[in-house]
Amino acid sequence: MAIEVRERIRAEKKTAALAACAVSKAFKPARVVPGGGMTVRAVDRVSLSVWRGEIYGLLGANGSGKSTLIRLFSTLLTPDTGTVSIFGLDIDRDELDVKRLINRVSVEASFFKKLSAMENLVYAGRLYGVPPDESRRKVVSILRRLGIEDPRMKEPLDKLSRGMQQKVAIARAFLTTPMLLLLDEPTTGLDIRSKREVQTFVRDLRDEHDATILLTTHDLDEAARLADRIGILHQGRLVAEGTPEELAARHGGGTLEDVFMTLTGRRLEDADATDAERPT
Amino acid sequence: MIADVGAQLGLAYAFVEREVALSKRYWAWEIVWLVYGIVTSLSVAYIGLAAPTIAGGSSDPAAVSRLVLYLLVGTITWRFLGLIFEQMAETIAWERWEGTIEYTFMAPVPRVTHLLGMCGATLVRAVGFSVAILAAVALFVPVDLSHANALAAIVLLLVGAVAFVGLAIGSAVFPLLWTEKGLQMAYIVQAVVLLVSGVYYPTTILPGWMQVLSFISPATYVIRGMRDALLDGADLGAVWPNLWPALVVGAISIPLGMRVFLWAERHAKRTGRLKRSG
């Protein structure tokens with residue numbers, strides 16, 4: 001079934017990898033507190049399309065709605081309004097087929113901490129129908145490429161550094177060869193070298209495996225380096241979209257930082273500091 | 001069709017393999033729970049042995065032996081059913097704590113297959129623990145199983161396990177809906193089931209309103225039937241009056257538990273509760 005869906009999608013070259021139409025999501029507070037507990041509109045009528053083979057960068061400050069949007073696209077949240085389709089499949093109606101086509105890397109590595117990288121990845125592979133022997137071969141190859149030595153692959157995850165854990169998380173996503181990969185701030189907290197290794201791997205994945213990638217980041221340099229097109233998210237709304245050059249041309253020229261400042265009225269670092277408290 | 005069933009079983013096995021690997025890594029905690037189970041069962045057996053002394057009179061050794069077996073059947077059967085309940089109820093809470101819940105729910109695995117896999121893992125653990133506890137207790141306390149009907153006892157345990165799985169799946173919904181306090185709610189359900197199911201005494205001594213609850217607890221029938229089979233050698237025909245209610249509870253509770261779980265999952269997705277905590 002999974003293979004049939006993939007083959008059909010490969011044949012349909014013109015289908016958008018991801019199409020979101022007027023998607024909104026609000027969260028109500030768990031308990032009404034006098035003087036507080038307002039409903040938070042995390043995503044506000046966002047429409048965007050990501051084309052097959054594209055790397056789309058979603059740029060925004062902390063609390064701008066990036067992670068909520070990724071969780072909506074990952075089937076972990078249902079939108080209040082609007083529709084989302086992945087390769088033409090409705091995310092709600094065709095949920096299981098959609099899940100076979102996507103994978104996600106979140107800002108937290110999210111593993112069974114006492115299991116080794118190999119155990120975690122073979123388990124993840126099983127869930128996506130990858131036989132254990134094939135998983136083991138691919139895991140060794142991917143982790144070596146990401147700079148993790150063989151003996152570390154058998155150590156419990158909680159013995160590995162944050163950077164290594166994040167690389168294992170990236171390996172988990174690549175292991176299942178998703179047609180759409182959702183990367184939610186995958187390099188946050190990594191050192192410069194690890195960040196570069198991951199960025200190179202992301203580009204290679206797109207080039208070698210025909211993958212489409214939606215990347216959220218609040219790193220302007222990373223967005224410019226990786227993304228073919230960039231969307232800027234501000235307070236839950238998509239306020240601009242285009243290639244870095246198009247954005248610069250449309251919004252007064254200059255750097256991506258200048259564009260962000262023009263559109264949001266703040267520098268990205270300042271927005272991060274002030275919006276960090278905004279729940280999404 | 002067969003290939004699809006095979007694929008689903010393969011997916012379900014992923015959860016069994018994962019749980020076995022986790023048990024190995026958390027081996028020290030497994031030993032704690034095993035020792036706790038043995039000590040609790042032994043303590044209950046010693047209460048039975050000391051009953052004549054506590055009551056201040058003499059008692060027929062055969063009656064004491066019967067009392068000890070009566071209590072042991074209750075405590076070990078409850079340990080078996082309780083483990084199923086606890087592990088299934090902790091399915092969600094554990095993954096929240098590990099931080100893997102989003103990845104499990106994002107995986108292309110039908111929820112029924114996921115829960116079936118967790119049931120398999122739970123049964124492996126519960127059988128292993130119960131056999132180990134029974135063997136350890138038999139080393140310290142004379143257990144007279146000369147009249148036991150093993151076949152009837154095994155069938156009752158299997159039916160009881162199935163019935164408890166449905167109840168446990170229903171209880172796993174609490175941590176799905178209440179991220180912070182859901183597991184505590186599940187433990188309260190388990191405690192109430194322990195009270196009303198006649199684990200250490202006949203349910204007839206309970207107040208009327210508790211007897212109503214004992215009527216809907218599958219553990220009541222399983223424990224009562226186990227006693228008939230192991231103390232009096234009742235065969236399958238003789239334990240049928242306790243077997244069929246447990247079957248009925250299982251037949252109702254599993255589809256109902258699954259349905260409630262699926263509803264809770266949709267609710268969690270609407271309200272943003274399908275996320276890690278801790």
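The values are calculated or read from the model by the stated rules, or taken from the named source; none is laboratory data. Quick caveat: nothing in here was measured; it's all calculated off a predicted structure. Glycine also receives a Cβ, built like all others from the backbone with ideal geometry; neighbour counts cover every protein chain displayed.
Okay, here's what the table says:
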{"item": "Single condition B:ALA191 does not satisfy, out of (1) small (Gly, Ala, Ser); (2) surrounded by fewer than 16 Cβ atoms within 10 Å (Cβ to Cβ); (3) under 20 Å from B:GLY128 (Cβ atoms)", "result": "(3)"}
{"item": "Enumeration of residues in the range B:48-77 that are exposed (fewer than 14 other Cβ atoms within 10 Å of the Cβ) and either assigned to a helix (DSSP H, G or I) or in contact with a strand residue (DSSP E or B) (Cβ under 7 Å, 6 or more places away or on another chain) (or both)", "result": "B:ALA50, B:THR53, B:ILE54, B:ALA55, B:PRO61, B:ALA62, B:ALA63"}
{"item": "Residue match in the range A:143-150 (condition: without any contact (Cβ under 8 Å) to a residue 12 or more places away in the chain, out of contact with any strand residue (DSSP E or B) (no Cβ under 6 Å at 6 or more places or on another chain) and β-branched (Val, Ile, Thr))", "result": "no"}
{"item": "Filter pass, B:GLN184 being over 16 Å from the mean Cα position of the chain (by Cα), modelled with pLDDT of 90 or more and not aliphatic (A, V, I, L, M)", "result": "no"}
{"item": "The range B:198-236: number of residues that are in a helix (DSSP H, G or I), crowded, with 16+ Cβ neighbours inside 10 Å and of a type in the set (Val, Ile, Thr)", "result": "4"}
{"item": "Subset of the range A:122-139 [under 25 Å from A:GLY189 (Cβ atoms) and more than 10 Å from every other protein chain (Cβ to nearest Cβ)]", "result": "A:VAL139"}
{"item": "Residue in the range B:57-73 that is within 17 Å of the chain's Cα centre (by Cα) and under 16 Å from B:GLY160 (Cα atoms) present", "result": "yes"}
{"item": "Residue pairs meeting the criteria (Cβ under 7 Å; at least 6 apart or on separate chains; first closer than 11 Å to A:PHE112 by Cα and part of a helix (DSSP H, G or I), in the range B:17-30; second modelled with pLDDT under 95 and among the small types (Gly, Ala, Ser))", "result": "B:GLU19/B:ALA121"}
{"item": "Any hit, the range B:136-144, residues being among the hydrophobic types (A, V, I, L, M, F, W, C) and under 28 Å from B:TRP244 (Cβ atoms)", "result": "no"}
{"item": "Test result for A:GLU119, over 26 Å from A:ASP210 (Cβ atoms), facing chain B (nearest Cβ under 8 Å) and not in a loop (DSSP other than H, G, I, E, B)", "result": "yes"}
{"item": "Hey, B:PHE80 buried (at least 16 other Cβ atoms within 10 Å of the Cβ) and out of contact with any Asp or Glu (no Cβ under 8 Å at 6 or more places or on another chain) or not", "result": "yes"}
{"item": "Subset of the range A:77-87 (residues that are within 13 Å of chain B (Cβ to nearest Cβ) and surrounded by fewer than 21 Cβ atoms within 10 Å (Cβ to Cβ))", "result": "A:THR78, A:ASP80, A:THR81"}
{"item": "Scan of the range B:94-111 for residues that are of a type in the set (Lys, Arg) and either facing chain A (nearest Cβ under 7 Å) or surrounded by fewer than 19 Cβ atoms within 10 Å (Cβ to Cβ) (or both), ordered by number", "result": "B:ARG111"}
{"item": "Selection status of A:GLY53, touching a residue at least 60 places away in the same chain (Cβ under 8 Å) and surrounded by fewer than 23 Cβ atoms within 10 Å (Cβ to Cβ)", "result": "yes"}
{"item": "Some residue of the range B:257-272 being within 14 Å of another protein chain (Cβ to nearest Cβ) and outside any helix (DSSP H, G or I)", "result": "yes"}
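Each row is one residue, and each column tells you yes or no for (1) under 30 Å from B:LEU176 (Cβ atoms); (2) touching a residue at least 12 places away in the same chain (Cβ under 8 Å).
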site: B:ALA50; (1), (2): no, no
site: B:LEU71; (1), (2): no, yes
site: B:ILE84; (1), (2): yes, yes
site: B:GLU90; (1), (2): yes, yes
site: B:ALA93; (1), (2): yes, yes
site: B:ALA107; (1), (2): yes, no
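For every residue, the table says whether it meets (1) within 14 Å of chain B (Cβ to nearest Cβ); (2) on the phi > 0 side of the Ramachandran plot; (3) surrounded by fewer than 19 Cβ atoms within 10 Å (Cβ to Cβ); (4) charged (D, E, K, R).
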| residue | (1), (2), (3), (4) |
| --- | --- |
| A:ALA171 | yes, no, no, no |
| A:THR187 | no, no, no, no |
| A:LEU190 | no, no, no, no |
| A:ARG196 | no, no, yes, yes |
| A:VAL202 | no, no, no, no |
| A:ASP221 | no, no, yes, yes |
| A:LEU226 | no, no, no, no |
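Condition check ((1) at pLDDT 90 or above; (2) among the β-branched types (Val, Ile, Thr)) across all residues:
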| position | (1), (2) |
| --- | --- |
| A:GLY125 | yes, no |
| A:ARG137 | yes, no |
| A:LEU160 | yes, no |
| A:MET164 | no, no |
| A:LEU180 | yes, no |
| A:ILE230 | yes, yes |
